[in-house]
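*Asks:* Would you mind keeping the following structure in view while I ask a few things?
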Amino acid sequence: MSEFSSYPAGTPAWVDLASPDPAASNAFYATLFGWEADDQGPDTGHYVVFRKQGKMVAGSSPMMMDGQPPAWTTYVGVDDADATVDLAKKAGAMVFVEPMDVMDLGRMAVFADPTGAALAVWQPKAHKGAELANEPGTFCWNELDTRDIPAAKSFYTDVFGWQPNDMEMNGSTYTEWKLGDAPVAGMMAMPTMVPAEVPAYWLVYFAVENCDATLSKAAGLGATTLVPATDIPPGRFGVLSDPAGTVFAVIETSSPA
C-alpha cells in the first residue's frame, strides 16, 4: 500500500474535481474506482473527500467560478503559496485565485501558466495531501499537454525548480519533469486531435489493475473514450471524458507503481 503522510515541496500532492453536477460525478467515480464520498458539510461548500480503504485519495466540489469548465485540478505542494504565486506572476502566470487559507487545512492558489494550463498550489497545514497514491484506484501521474513546450519548460523551472528530461516515446518526444533525481510529472505536445479552442491542460492519471476493463466499465457508466487502450513503455493507458465532460486518464502499469 502506497501511503503518504507528507510530500516534498514541488511534488503534486492532491487532485480534485470541479463538476457542474457533483452528485452525479461523485457517483460515477465512486463506482468506477471504488471510492467512498465523504461530504465535508455546508461550511466547506459541500466539498467531498474521496476515500479508498479509509484513506483520502482525491476531492470534489461544485463549480466555484462563472465559466469554469469541468476539470480535474492538480495541486503541487509548496512551502509558501504566496512566494510561489509571486514567482509564477513574474514568470507570466495568470492568477485565478490569489493565495487564500482553507480553514486550518492549508493555503492554496490557482493560476494558469503562460501556455494556458490551469494548476493549483497547496501549502499544507492539517491536510498534507493524498494519503494513498500510486496504486489502483488512486492518482499516480500528472501530465501537461501544451502547444508551447519551450515556454512551459522555462515557467516550471523558474517556479518549481523542475528540470526537464526529454526522452523518445512511441516516435515522439516526451518530457519527464524531475525534482532533483525524482520524476514528479510529465509533459508532451498537445495531441493534434485536440480542437484548437481547447487550452493547454494538466491531465490526471489514475492507476488501474486492468486498463481495458476500466475503459469498458467507464463506458457503461456514461463516459466517452477519447484514446482507446494503448501500450506505452510505462504500461497500457487510455483517456476518457466522464459524463460531465471532464477529461482524465487511466493507466495499467507494466510494473508495480
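*Asks:* Quick one: which of SER6, SER19 is over 19 Å from GLU143 (Cβ atoms), buried (at least 18 other Cβ atoms within 10 Å of the Cβ) and not assigned by TED's automatic domain parsing to the domain that holds THR214?
*Replies:* On the way: SER6 fails: buried (at least 18 other Cβ atoms within 10 Å of the Cβ).
On inspection, the qualifying residue turns out to be SER19.
*Asks:* Still on this structure, please answer the following. Kindly indicate the residue of the range 203-257 that is outside any loop (DSSP other than H, G, I, E, B) and acidic (Asp, Glu) and also modelled with the lowest pLDDT among those meeting that condition. Walk me through it before giving the result.
*Replies:* Kept after step one, since they are outside any loop (DSSP other than H, G, I, E, B), are these residues of the range 203-257: 203-207, 211-220, 224-232, 235-241, 247-253.
Keeping just the survivors that are acidic (Asp, Glu) gives 212, 231, 252.
Numbers: ASP212: 98, ASP231: 94, GLU252: 97.
Among them, the one singled out is ASP231.
*Asks:* Mind checking which residues of the range 132-141 are surrounded by fewer than 20 Cβ atoms within 10 Å (Cβ to Cβ) and either touching a Cys at 6+ places or on another chain (Cβ under 7 Å) or within 19 Å of VAL102 (Cβ to Cβ) (or both)?
*Replies:* Passing the criteria: only ASN134.
*Asks:* Next up: For ALA219, are the conditions met, namely being over 21 Å from ALA58 (Cα atoms) and either assigned by TED's automatic domain parsing to the domain that holds ALA37 or among the small types (Gly, Ala, Ser) (or both)? Don't jump to the end; show me each part of the working.
*Replies:* Values: over 21 Å from ALA58 (Cα atoms): yes; either assigned by TED's automatic domain parsing to the domain that holds ALA37 or among the small types (Gly, Ala, Ser) (or both): yes.
Judged against the criteria, ALA219 is a match.
*Asks:* Can you find a residue that is of a type outside the set (S, T, N, Q), in a strand (DSSP E or B) and out of contact with any Leu (no Cβ under 6 Å at 6 or more places or on another chain) anywhere in the range 153-160? It would help to see each step written out before you state the result.
*Replies:* Step one: filter the range 153-160 for residues of a type outside the set (S, T, N, Q), giving 153, 155-156, 158-160.
Checking which are in a strand (DSSP E or B) leaves us with none.
The answer is no; no qualifying residue exists.
*Asks:* Can I ask one more? Tally time: how many residues in the range 20-36 are touching a Ser or Thr at 6+ places or on another chain (Cβ under 8 Å), at pLDDT 95 or above and either over 15 Å from PHE248 (Cα atoms) or among the small types (Gly, Ala, Ser) (or both)?
*Replies:* Selection size over the range 20-36: 1.
*Asks:* If you scan the range 206-257, which residues turn out to be closer than 19 Å to PHE50 by Cα and aromatic (Phe, Trp, Tyr)?
*Replies:* PHE206, PHE248
*Asks:* Among the strands (runs of 3 or more DSSP E) lying completely within the range 26-127, list those that include at least 2 residues that are crowded, with 17+ Cβ neighbours inside 10 Å and hydrophobic (A, V, I, L, M, F, W, C). Talk me through it step by step, then tell me what you get.
*Replies:* Details: elements: 36-39, 48-52, 55-62, 71-77, 94-102, 106-112, 118-124.
Passing ranges, in order: 48-52, 55-62, 71-77, 106-112, 118-124.
*Asks:* Something else: Of everything in the range 157-194, what is surrounded by 16 or more Cβ atoms within 10 Å (Cβ to Cβ), touching a Pro at 6+ places or on another chain (Cβ under 8 Å) and closer than 21 Å to ALA93 by Cβ? Give them in sequence order.
*Replies:* Hits for the range 157-194 are THR175, TRP177, LEU179, VAL184, ALA185, MET187.
*Asks:* Same structure again: Tally time: how many residues in the range 121-158 are of a type in the set (Gly, Ala, Ser) and without any contact (Cβ under 8 Å) to a residue 60 or more places away in the chain?
*Replies:* Residues of the range 121-158 that are of a type in the set (Gly, Ala, Ser), as a first pass: 126, 129-130, 133, 137, 151-152, 154.
Going one step further and asking which of them are without any contact (Cβ under 8 Å) to a residue 60 or more places away in the chain, we end up with 126, 151-152.
Total meeting the criteria: 3.
*Asks:* Same structure, new question: Scan the range 213-255 for residues that are touching a residue at least 40 places away in the same chain (Cβ under 8 Å) and more than 19 Å from the chain's Cα centre (by Cα) and report the count.
*Replies:* Count: 5.
The values are calculated or read from the model by the stated rules, or taken from the named source; none is laboratory data. Keep in mind it's a predicted model, so treat the numbers as computed, not measured. Note that we place each Cβ from the backbone using ideal geometry, even for glycine, and neighbour counts take in every protein chain shown.
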